[in-house]
Amino acid sequence: MTARNNPWLGLKSYEEDDRIYGRNKETEDLTNVIINSFNTTIYGKSGIGKTSLLKAGIFPMLRYEDFCPVYIRLEHDVPATDTLQYYISQIDEAIKNPQNGVVVSTKTDKDTIESLDDIFTHYNFETTRRIALTPVFIFDQFEEIFTLNEERSTNSVDTFFKDLSNILNDSIHEQNYRIVFCLREDYLYCVERYSETIPAFKRNRYNLKDLSRDEALEVITMPVHNLVTISVANEILQKIASNMTDEVNATILSLYLSQLYDKMQKAHQSSITSDILHTFGDDIISSFYYENTKGISDKSLSYLEERL
């Protein structure tokens, strides 16, 4: 193995071509919710692995069921005018992203796209073999529509949600597409502010939680055969389990394992043993934090910690 073969990505999100472990139940349950619901809201605390679950877990399953996931992370440097058009243009770019791996063709004859429903229904989605697909528009990091507009007029946010309400409140809407919102749970209250006018936000919510102990063991032992034994995996969990219920934050676990793997490489070992763990395991997170924050002012560091 080389350093490039590190089976854990640390703080990086897993992509669709990556294999994700420990989330089989969540992947299956949430895929079924998305397929059978017009709109779905996924929420969980920061760093729990929402983006990785979407891309590496749910996207492949949606494709298998003839759905096309369209990944959208909106930018919010919103112009004073044409706010909605600014968002619509970004959705249009996301639809045409070659990474979607589908054939996109115009379905309607509209000269101008004036609403979210216009852009959601403007295109046909097909495989290269001309099999029709149902698009799933997935708004990841959705809390940024609130956090990155905090110092600006709320008009841009209100305009977006007003147009969104026209779609989600339409009980007889043709459900030829799906909408998913994924956000940090500490900003769920921002969505609640709009739930009075958009009751659909109250339905089809999915709370992504920390890994259970069994799920965490799968993350540790499954990626590479014989790289980590069960006994060593249990030692690792004793060091990083977040509380008495043995819940484990997926991102912290991935970071810990990624750093531990690098230490193993530098020690010219072929597996992560108890000796490796006892030698390097106590200071991995603190050392990573120090190395990546040195040189940052206390004020900037405080701001980053508050945001994260």
Bins of 10 Å from zero: percent of alpha-carbon pairs in the stretch 95-140: 25, 54, 21, 0
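Show LEU62, LEU84 ordered by accessible area, largest first, where the area counts protein heavy atoms only and the probe is 1.4 Å.
Values: LEU62 0, LEU84 25 Å².
The ordering from most to least exposed comes out as LEU84, LEU62.
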Tell me, what is the 1.4 Å probe accessible area of SER89, in Å² to the nearest 10? 50 Å²
Expressed as an acute angle from 0 to 90° and rounded to the nearest 10, what is the orientation of the C-alpha long axis of helix 230-240 relative to the principal long axis of the chain? 70 degrees
Ordering 28-34, 54-60 by per-residue average of other C-beta atoms within 10 angstrom, highest first, gives 54-60, 28-34
Length gained when the stretch ARG73-ASN176 is fully extended (0.36 nm per residue, less Cα-Cα span): 34.9 nm
Along the charge dipole of the stretch 20-138, Cβ charges K/R +1 and D/E -1, which of PHE59, LEU74, PHE120 sits furthest on the positive end? PHE59
Please compute P(r) over all alpha-carbon pairs of the chain, binned at 20 Å starting from zero, and give each bin as a whole-number percent. 29, 52, 18, 0
Suppose each label sits 7 Å from its Cα in the direction of the beta carbon; what would the GLU65-LYS107 distance come out to in nanometres? 1.8 nm
Using only Cα atoms, tell me the angle between helix 298-307 and the longest principal axis of the chain; keep it within 0 to 90° and round to the nearest 10. 60 degrees
Over the heavy atoms of SER286, what accessible area does a 1.4 Å probe trace out, to the nearest 10 Å²? 70 Å²
Keeping every protein chain in place, order MET222, MET61 by accessible area at 1.4 Å, biggest value first, i.e. largest first. MET222, MET61
Along the dipole axis of the chain (charges at Cβ: +1 for Lys and Arg, -1 for Asp and Glu; origin at the Cα centre), the most positive-end residue among GLN269, GLN141, PRO98 is GLN269
Put ILE252, ILE284 in order of accessible area, largest first, 1.4 Å probe: what do you get? ILE252, ILE284
Rounded, prolate or oblate, given the Cα gyration tensor of the stretch 100-234, with a/c below 1.5 counting as rounded? oblate
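The values are calculated or read from the model by the stated rules, or taken from the named source; none is laboratory data. Quick caveat: nothing in here was measured; it's all calculated off a predicted structure. Neighbour counts run over all protein chains shown; Cβ positions are idealised from the backbone, glycine included. Ligands, DNA and RNA are stripped out before the accessible areas are found, and what is left, the full protein with its side chains, is counted by its heavy atoms. Shrake-Rupley method; radii C 1.70, N 1.55, O 1.52, S 1.80 Å.
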